[in-house]
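Trainee: I'd like to ask some things about the structure below.
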Amino acid sequence: MQELWRYPVKSLHGERLTEAWIGPLGIAGDRGWALFDRDTGLGLTARRVPELLFGAARLRPGGGVEVVLPDGTVTADDGVLSAWLGRRVELRAAADHDAAPTYETPADEDVPDPTEWLQWEGASGPFHDSPRIRLSLVSTGTLGTWDRRRFRANVVLDGAGEDDLRGREVELGGVHLRVGTGIPRCVMTTRPQPGGIARDTSVLKTVHRERGGLLAVRAAVVEPGTVRVGDVLAPTAD
């Protein structure tokens, strides 16, 4: 394993880790918070609010989460976050949110400035897009020259071949995983981000044309444990 990532707040940049505990719901703290529009009640993602990609989130040593804004401000205050995004927002913890949240996605991802939006239901618990995604894995071979930050995978593997793991059970460090299907990709992968990542609509077009719209694989946690950068992923015996 080359890299390990946790994304505490949905759609914000996350933290690169050297090790992590992975429980039944994934990396502890991953997608543990999300921003919600207080007027509509909808959860916010970078599909609807691209500005989110320019913020970052990290866990506080004593618990909770904090957001680093593009100007360097560090906050968890709803008023400050609302001023940043130009709308009334609330930072909510998944632990305090019983129902599966509703998000928005453009009706046509090829339209640069969409006016028609569709609503869809995410996962209960941690704010993953789907309850079937608890951990996401991608390989450097699959990514090629694309910046891995576009895809927000938890685990970046050396070489190629995560597609061949679909339907298999694998060991990664102290964790036993069951690898599922590929992860559908959306307009978020085309958005500009800090660090020189420009808008690039060809990313999503290529994923749809060459990979059926899927990139990276999802995994369920069969047996929890600790993983560390450098751990080798090994399929279990059939």
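FYI, it's all coordinate maths here, none of it is from the lab. Since the structure is predicted, the reported quantities are computational estimates derived from the model, not experimental observations. A quick note on method: Cβ atoms are made from the backbone with ideal geometry, for glycine too, and the neighbour counts reach across all protein chains shown.
Trainee: Name the residues in the range 14-31 that are surrounded by fewer than 19 Cβ atoms within 10 Å (Cβ to Cβ), in a loop (DSSP other than H, G, I, E, B) and of a type outside the set (A, V, I, L, M), would you?
Mentor: The answer is 18, 24.
Trainee: Which one of these does residue 154 not meet: (1) under 30 Å from residue 107 (Cβ atoms); (2) touching a strand residue (DSSP E or B) at 6+ places or on another chain (Cβ under 6 Å); (3) surrounded by fewer than 17 Cβ atoms within 10 Å (Cβ to Cβ)?
Mentor: It fails just one condition, (3).
Trainee: I've got another one for you. Which ones in the range 145-199 are on the phi > 0 side of the Ramachandran plot and under 19 Å from the mean Cα position of the chain (by Cα)?
Mentor: 152, 195
Trainee: Taking the range 41-63 as the search range and keeping residues that are more than 17 Å from the chain's Cα centre (by Cα) and within 15 Å of residue 97 (Cβ to Cβ), which one is surrounded by the most Cβ atoms within 10 Å (Cβ to Cβ)?
Mentor: Initial filter on the range 41-63 (more than 17 Å from the chain's Cα centre (by Cα)): 41-42, 60-63.
Still in the list and also within 15 Å of residue 97 (Cβ to Cβ): 41-42.
Details: 41: 10, 42: 16.
So the residue we want is 42.
Trainee: Mind checking which pairs have a first residue in the range 200-214 that is in contact (Cβ under 8 Å) with a residue 60 or more places away in the chain and surrounded by 14 or more Cβ atoms within 10 Å (Cβ to Cβ) and a second that is hydrophobic (A, V, I, L, M, F, W, C) and in a helix (DSSP H, G or I), Cβ under 8 Å, 6 or more apart or different chains?
Mentor: Close Cβ pairs (under 8 Å, with a partner that is hydrophobic (A, V, I, L, M, F, W, C) and in a helix (DSSP H, G or I)) amount to 204/187.
Yes or no, residue by residue, for (1) surrounded by 18 or more Cβ atoms within 10 Å (Cβ to Cβ); (2) at negative phi; (3) in contact with a helix residue (DSSP H, G or I) (Cβ under 7 Å, 6 or more places away or on another chain):
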{"position": "79", "(1), (2), (3)": "no, yes, no"}
{"position": "86", "(1), (2), (3)": "no, no, no"}
{"position": "89", "(1), (2), (3)": "yes, yes, yes"}
{"position": "100", "(1), (2), (3)": "no, yes, no"}
{"position": "103", "(1), (2), (3)": "yes, yes, no"}
{"position": "123", "(1), (2), (3)": "yes, yes, no"}
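Trainee: Among all residue pairs at least 6 apart or on different chains, which show Cβ distances below 8 Å where the first residue, located in the range 215-238, is on the phi > 0 side of the Ramachandran plot and the second is of a type in the set (D, E, K, R) and in a loop (DSSP other than H, G, I, E, B)?
Mentor: From the range 215-238, no pairs qualify.
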